[in-house]
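Report on one structure; see the data block that follows.
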Amino acid sequence: MASFWAKEVPATILVAALLMWVMPMMIGTYTLTVLVIYGMLGFSLGLIWGFGGILCFGQAAFFGLGAYTYAIAAINIGDSTIPMLLAVLVPAVFAALLGAMMFYGRLTDVYLGVITLVVTLILFKFINSTAGPEYVIGKARLGGFNGIPGFQTLNVPGQPNDYIYGDPYYYFCAILLLIVYLLVSWLLKSSFGRVAVGIRENEVRVALMGYDVRARKTVLFAAGAAIAGLAGALFANWGEIVTPNLFSLGQSAEIIIWCIVGGLGTRIGPIVGAAGLAYLKFLLGQQSMIDNTLLTGIILVLFVLFLPKGLVPAIASLWRISFGRRRKLPRHGARRIRNGGVGNG
Amino acid sequence: MDLVFVIIVEMLYAVASLVLISAGLAIVFGMMKIINLAHGEFMMLGGYVTITAVSLGANVFIAMLIIAPVIVGLIGLVVERLVIRHLYGRLVDTMLATWGLSLFFIGLATTIFGNTTTGISTPISGFTVGDYQVNGYNFFIILIAIVLLGLMYAVLKGTRLGLIARGAMQLPDMAAALGYSPERIYMATFFCGSALSGLAGAILAPLVGLVPTSGGAYIAKAFITVIAGGPSLITGLMASSGLFGLINQIFTFAVSPVMGEVALLVAAVVLLRLLPQGVTGKFFRGRM
């Protein structure tokens, strides 16, 4: 824990600050903002799937729920501070209830996948059918397939007319991602995080050691949903409209693909995967030679077949092979001399 | 009286279409423990093959019942050889790879057929019962579903091939020791599953406007039906299709079609919470 505060936190902040400063020179901040938001969304699934072993097919449900909560609350309240908090809270509570239902029922892998998928579909179908004027929450009409436009976007707390947009909004999102990243890093370093990884590795063993697996999984699931909800609220602010497509299966699929490509079980992997693939999609969207979906599909299949661990772990091991050994070699040599040349090094 | 008749037909039709939608996935999942998330896209391809074949001058029933299943089955065979056979025993990886395949097929169909709605007219005309108009094609779908279930039962229970397939499903090592290559059995099973998906897509094609993304409408329903059915292939399929079809239609008639869909999904969540191993994990154990 000491080395975490002394080494990892300052190093992370330094790297993040550097990236925050360098990236706008290459990519416009408008695009960059959405990459950061997608990074956060990928990170939320990376947390519960990569460290908790919970494969959620409906992370988009929490993303969409966060966005809708923000939009509805912002229309009713008119100031963005409380809606932002609600957009984190509502998905978290929803996920805690859903998670409690699933984990206390001892549902695992496929069945978990089905339920999360189905819940996403229910939300998608329901929101899509709310076009009529009778679907109103406070002052906000749900708007069905057209979504909700024209809500109050992010402002300086207490001053509804001081909007945060453009470059400052990019820095706002990037700093939020950094804070979330540090919080999750701290969570994973704590005993809770280590038990969560233990549950991922062998659930029965951890349960037999006396830990309450169900409660821990529920809490982790809710934490992931809270992050996804925050990403949703940021996305709503960026796009200035929320539509039912946020809940769609395609969105859920994309989040899973980001995690797989970036690398499960790492913190940085899903962020890199999300931002990288979203940028690739953005670039591909500018040409019409090859269909976008076709390429996404090919990428996913190839990664599952040839690089199932993802990019970041692959690069890390490549790094270790090509640079790591050079540092270790003298030590091996020393030991061999001490042992009189016996042993396999 | 007429209304009762219409409602009964509609309910039977809902159950039958669920059976059709899920059969291909049920075979692949039940026999190989693989969840084929490209199932919906196989159905979509079946629809496109039918429409293309009909526009090239083939008889519509030949196109639906023979050409579409064979072609989609062959596509499935290629997919199995290239991708899926490397992933046996890795449930989550197969789900992800087949999800990738589904995106691939959507892209492919968009490239070839364009992002527009196509369709063919229903080959069987409707008739009236009292004040109500009944779609004659619904009876055809009900008939096909019954024949399909009967055939599956007969093949699995009655033939030597079915016996070998069931054996390989229970104990692949033992089947291999007796000289039957599980790899070839899996390959054949995947071919049959894909062909059934193609058949279902072809038969449902006249009822829906076909777009490259229309597979997504089927996959969730099929997925739910198969998982809720549980380990027994045919009994499970019948039980969960019956239950979900019934619930769907009751809510469709009582409230609205959207609520029918939502009720189906809610029922699935409740059912899985109560019976995590599916219907046949608890009842009708040991049946097929």
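What the table shows:
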| read-out | value |
| --- | --- |
| Those residues of the stretch A:246-272 which are more than 13 Å from chain B (Cβ to nearest Cβ) and touching a Phe, Trp or Tyr at 6+ places or on another chain (Cβ under 8 Å), in sequence order | A:Leu246, A:Gly265, A:Arg267, A:Pro270, A:Ile271 |
| Filter result for A:Leu264 (in the same structural domain as A:Leu65 (by TED's automatic domain parsing), crowded, with 21+ Cβ neighbours inside 10 Å and not β-branched (Val, Ile, Thr)) | yes |
| Flag for B:Phe140 being of a type in the set (Phe, Trp, Tyr), under 19 Å from the mean Cα position of the chain (by Cα) and more than 9 Å from chain A (Cβ to nearest Cβ) | yes |
| Single condition B:His86 does not satisfy, out of (1) facing chain A (nearest Cβ under 10 Å); (2) over 28 Å from A:Met289 (Cα atoms); (3) touching a Gly at 6+ places or on another chain (Cβ under 8 Å) | (3) |
| Unique residue being surrounded by fewer than 18 Cβ atoms within 10 Å (Cβ to Cβ), in a helix (DSSP H, G or I) and touching a residue at least 12 places away in the same chain (Cβ under 8 Å) when the list is A:Ala96, A:Ala174 | A:Ala96 |
| Test: residue in the stretch A:129-144 that is polar (S, T, N, Q) and either surrounded by fewer than 17 Cβ atoms within 10 Å (Cβ to Cβ) or in a helix (DSSP H, G or I) (or both) | no |
| Some residue of the stretch A:324-345 being closer than 26 Å to A:Val197 by Cβ, buried (at least 22 other Cβ atoms within 10 Å of the Cβ) and modelled with pLDDT under 90 | no |
| Close pairs from the stretch A:203-228: first outside the structural domain of A:Ile48 (by TED's automatic domain parsing) and surrounded by fewer than 22 Cβ atoms within 10 Å (Cβ to Cβ), partner of a type in the set (Val, Ile, Thr) and modelled with pLDDT of 95 or more, Cβ under 7 Å, at least 6 apart | none |
| Single unsatisfied condition, A:Thr31 versus (1) buried (at least 24 other Cβ atoms within 10 Å of the Cβ); (2) modelled with pLDDT of 90 or more; (3) not basic (Lys, Arg) | (1) |
| Test: residue in the stretch A:153-162 that is modelled with pLDDT under 85, touching a Gly at 6+ places or on another chain (Cβ under 8 Å) and in a loop (DSSP other than H, G, I, E, B) | yes |
| Some residue of the stretch A:228-245 being within 14 Å of chain B (Cβ to nearest Cβ), closer than 21 Å to A:Ala87 by Cβ and part of a helix (DSSP H, G or I) | yes |
| Residue in the stretch B:250-288 that is farthest from the other protein chains (Cβ to nearest Cβ), counting only those that are among the aromatic types (Phe, Trp, Tyr) and either under 18 Å from B:Val19 (Cβ atoms) or in a helix (DSSP H, G or I) (or both) | B:Phe284 |
| Residue selected from the stretch B:118-127 under the condition without any contact (Cβ under 8 Å) to a residue 40 or more places away in the chain and in a loop (DSSP other than H, G, I, E, B), by the criterion surrounded by the most Cβ atoms within 10 Å (Cβ to Cβ) | B:Ile124 |
| Residue count for the stretch B:192-223, restricted to those that are away from chain A (no Cβ under 14 Å), over 19 Å from B:Val19 (Cβ atoms) and surrounded by fewer than 22 Cβ atoms within 10 Å (Cβ to Cβ) | 1 |
| Subset of the stretch B:53-73 [under 21 Å from the mean Cα position of the chain (by Cα) and without any contact (Cβ under 8 Å) to a residue 12 or more places away in the chain] | B:Ile62, B:Ile66 |
| Hits in the stretch B:144-162 (condition: of a type outside the set (S, T, N, Q) and free of Cβ contacts under 8 Å to residues at least 12 places away in the same chain) | B:Val147, B:Gly150, B:Leu151, B:Ala154, B:Val155, B:Gly158, B:Arg160, B:Leu161, B:Gly162 |
| Some residue of the stretch B:30-53 being over 11 Å from B:Leu237 (Cα atoms), surrounded by fewer than 24 Cβ atoms within 10 Å (Cβ to Cβ) and in contact with a strand residue (DSSP E or B) (Cβ under 6 Å, 6 or more places away or on another chain) | yes |
| Answer residue from the stretch A:119-135, given it is free of Cβ contacts under 8 Å to residues at least 40 places away in the same chain and at the interface with another protein chain (Cβ under 7 Å from one of its Cβ atoms) and is farthest from B:Ile34 (Cα to Cα) among those | A:Ser129 |
| Residue selected from the stretch A:281-302 under the condition assigned to a helix (DSSP H, G or I) and away from chain B (no Cβ under 14 Å), by the criterion surrounded by the fewest Cβ atoms within 10 Å (Cβ to Cβ) | A:Leu283 |
| Residue in the stretch A:67-87 that is among the charged types (D, E, K, R), more than 9 Å from every other protein chain (Cβ to nearest Cβ) and more than 14 Å from A:Leu220 (Cα to Cα) present | yes |
| Considering residues of the stretch A:246-255 that are in a helix (DSSP H, G or I) and in contact with a helix residue (DSSP H, G or I) (Cβ under 7 Å, 6 or more places away or on another chain) only, the residue surrounded by the fewest Cβ atoms within 10 Å (Cβ to Cβ) | A:Gln251 |
| Among the candidates B:Gly114, B:Gly76, B:Gly130, B:Gly100, residue that is free of Cβ contacts under 8 Å to residues at least 24 places away in the same chain and more than 9 Å from chain A (Cβ to nearest Cβ) | B:Gly114 |
| Complete set of residues in the stretch A:101-118 that are more than 7 Å from chain B (Cβ to nearest Cβ), crowded, with 17+ Cβ neighbours inside 10 Å and over 19 Å from B:Ala222 (Cα atoms) | A:Met102, A:Phe103 |
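Each row is one residue, and each column tells you yes or no for (1) of a type in the set (A, V, I, L, M, F, W, C); (2) farther than 16 Å from B:Ser214 by Cα.
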position	(1), (2)
B:Pro69	no, yes
B:Glu80	no, yes
B:Gly89	no, yes
B:Met95	yes, yes
B:Gly107	no, no
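The values are calculated or read from the model by the stated rules, or taken from the named source; none is laboratory data. What you see is a predicted model; the values in this text were computed from it and never measured. FYI the Cβ positions are ideal-geometry reconstructions off the backbone, even for glycines, and counts take in every protein chain you see.
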